[in-house]
Amino acid sequence: MITGTFKTTKSEEIFAAAQKLMPGGVSSPVRAFKSVGGQPIVFDRVKDAYAWDVDGNQYIDYVGTWGPAICGHAHPDVIKAIQAAAEKGTSFGAPCALENILAEMVIDAVPSVEMVRFVNSGTEACMAVLRLMRAYTQREKVIKFEGCYHGHADMFLVKAGSGVATLGLPDSPGVPKSTTANTLTAPYNDLDAVRKLFEENPGEICGVILEPIVGNAGFITPDAGFLAGLRELTTEHGALLVFDEVMTGFRISYGGAQAKFGITPDLTTMGKVIGGGLPVGAYGGKREIMQLVAPAGPMYQAGTLSGNPLAMTAGIKTLEILRQPGSYEYLDKITTKLINGLLAIGKETGHAMCGGSISAMFGFFFCEGPVHSYEDAKKADTVKFGKFHRAMLEQGVYLAPSQFEAGFTSLAHTDADIDRTLEAARTVLSKLA
C-alpha cells in the first residue's frame, strides 16, 4: 500500500521521454491511461500479487500482465524452470520435445481440442483460425460480436473491444474496406441477430467467433442459452463455432469457458495463461479441421519463434501448478469476495454499480445494469471510473486502466489483499462524487 504522499516523479520523467521515442509513449495503447486520465505508472518489478513502480510505490495488482500471472507474478517454480530451459538455448527454430508435453496438456484439458498449433500471440492465433475457418468451409464471411476483441488484425477491427473501445475508435485507419467487407457483426447475447445474419447470407458464412465471456468490453457473461443457441445455429448452417479463449482459457476453469458451460466449439484460440508470462498463443480443434494446417494440409501458417522452449517451459509449469487440487476453488473464493465487497460498498456509498466474476476473472461498471452487451457497457460512467481508478492507485491498488477491460486475481492474492483492497475502495467511494 502507499504510505505518505503518492509520488510519481520518476514515472512522469520516463513517460515523457518515452513519448519522444514511441507512439504515445507505449508499446500497447491501453497502457497510456488515456481513458482514466493522469500519467501512467511505470513498473519496475512484480512479485506474487504485487507490483512496484520506479518511484517505489507498491500496489496490489489486479491486472496480472493482463491475465497470464494466474499463479502470481514471478512464481518461483516457473522462474526456476525458465532459467533451466534458458541454459539450453532461448530459441531453436526446430522441433523440441517440450512442444509435445504442452500440446498433450492442452488437448487433455480443453474439450474441443484434438490437435493444436502453437503461435506467439492471441492476435496471431485468431488470424490463423479465421484462415482455417475459411479454408475448411470454403466460405468467406464470418460473424463476430460488438465489443469482442480478437486481436489487432485488420479483419477483426470492426466494432472491436479492448483498446479500440477504450480509445473510442469504431475501427482503425489503414484497414481497407475490402478487408472487413466479409466481417459481419451482431450484438453479444442476441441470438435473433445471429439468426438473421445467417438467413441474409445463406451458404456464405464460414463461422461465428466470440469471447465466450467478454473481457474486452468489460466483464460480460453469456445469457442462459446463448452459447448453446450459437452451437445449434452454426451446426444447422454448416458453419464453425470458434471460442476465443485467449482470456478465459485455463482461467475460468482448467478446461476453459467451454468446460465451464458445457458447450464444445469446433475450434478454440488460446494464449496468455499457457505462456506463463511469456509470449504464447495457440489454436486447436477437431482433428479433421486441424489436418488442413501446413504441413499436414494446404492452409499455410508459420512462425520462427512458435513453440520456443522458454514459452513452452513456462506454460507447462504454470499448468502443473493450476492442476493442483483446490486451485480453482481458491480463485473463485477470493474473486467472489472481491467483487461482492466492491458492489456492496458501492451501494452503501450511493453509487450505481453492477458487475460479477467467474473464477479468477471479474469486472464492474458504474451503472445500474445489468450489462448484457457492449451497448449496455457504453452506458457506464467512464468519467467516474477514471476518478475511481486514479484514487485507487493513490491507495496502492492497481486496476485495469479502462472501464472496458476485465480484471484478474491470482493464486498469490490473499484474503488480506482483498480486505485491503475493499478498505481502499470504501475510502475512495465515500469521497467520490
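Note on ASP44 and GLU329: with the Förster distance fixed at 30 Å, the Cβ-Cβ geometry gives a FRET efficiency of about 0.35. For VAL280, the residues 5 or more places off, or on other chains, whose built amide H falls under 5 Å of its own are LYS272.
Listed values for segment 109-124 are Karplus-derived 3J(HN,Hα) couplings in whole Hz (6.51 cos²θ - 1.76 cosθ + 1.60, θ = phi - 60°), namely 8, 9, x, 7, 9, 9, 9, 9, 10, 8, 10, 10, 6, x, 4, 5, and x replaces Gly and Pro.
Ranked by the mean number of other Cβ atoms within 10 Å of their residues, highest first, the peptides 275-287, 190-202 fall in the order 275-287, 190-202. Note on segment 92-121 and segment 276-306: Cα centroid distance 9 Å, given to the nearest whole angstrom. Please name which of GLY174, VAL208, THR414 has its Cα lying farthest along the dipole of the chain towards the positive end, using unit charges on Cβ (Lys, Arg +1; Asp, Glu -1) and the Cα centre as origin. Looking along the dipole axis, the top candidate is GLY174. Working from label points 7 Å from Cα in the Cα-to-Cβ sense, the THR9 to ASP223 distance is 5.5 nm. Which listed residue (GLY225, ILE79, CYS148) has the Cα farthest towards the positive end of the charge dipole for segment 76-322, taking +1 on Lys and Arg C-beta and -1 on Asp and Glu C-beta about the Cα centre? Working it through, the farthest residue towards the positive pole turns out to be ILE79. In this structure, the amide hydrogen of ALA412, modeled 1.01 Å from its nitrogen in the peptide plane, lies closer than 5 angstrom to those of GLY72, counting only residues at least 5 positions away or on a different chain. The C-alpha atoms of the chain define a longest principal axis, and helix 191-200 lies at about 40 degrees to it.
In a reduced charge model with +1 at each Lys and Arg Cβ and -1 at each Asp and Glu Cβ, segment 223-272 shows a dipole moment near 260 debye about its Cα centre. In sequence order, segment 17-23 has phi-based couplings of 5, 5, 5, 8, 10, 9, x Hz under the Karplus curve 6.51 cos²θ - 1.76 cosθ + 1.60, θ = phi - 60°, and Gly or Pro positions carry x. 3J(HN,Hα) couplings calculated from phi for segment 66-83 with the Karplus curve 6.51 cos²θ - 1.76 cosθ + 1.60 (θ = phi - 60°) are, in sequence order, 6, x, x, 7, 5, 8, x, 5, 6, 4, x, 5, 5, 4, 4, 5, 5, 4 Hz; Gly and Pro show x. Comparing ILE101, ILE418, ILE143 in a Gaussian network model of the chain, where Cα atoms under 10 Å apart are tied by springs, the biggest mean-square fluctuation is seen for ILE101.
Using the Cβ of VAL46 as centre and a radius below 11 Å, the other residues enclosed give a net charge of -2, where K and R count +1 and D and E count -1. Among PHE408, PHE226, PHE219, a tally of other beta-carbon atoms within 10 Å of each Cβ gives an order, fewest to most, of PHE226, PHE219, PHE408.
Between ASN120, ASN216, ASN182, the residue with the greatest mean-square fluctuation in the GNM of the chain (Cα pairs under 10 Å linked by springs) is ASN182.
Values quoted throughout were computed directly from the atomic coordinates according to the rules given, and no laboratory measurement underlies them. These figures come from a predicted structure and were not determined experimentally. When we count neighbours, we look across all protein chains shown, and the Cβ atoms used for this are built from the backbone with ideal geometry, even at glycine.
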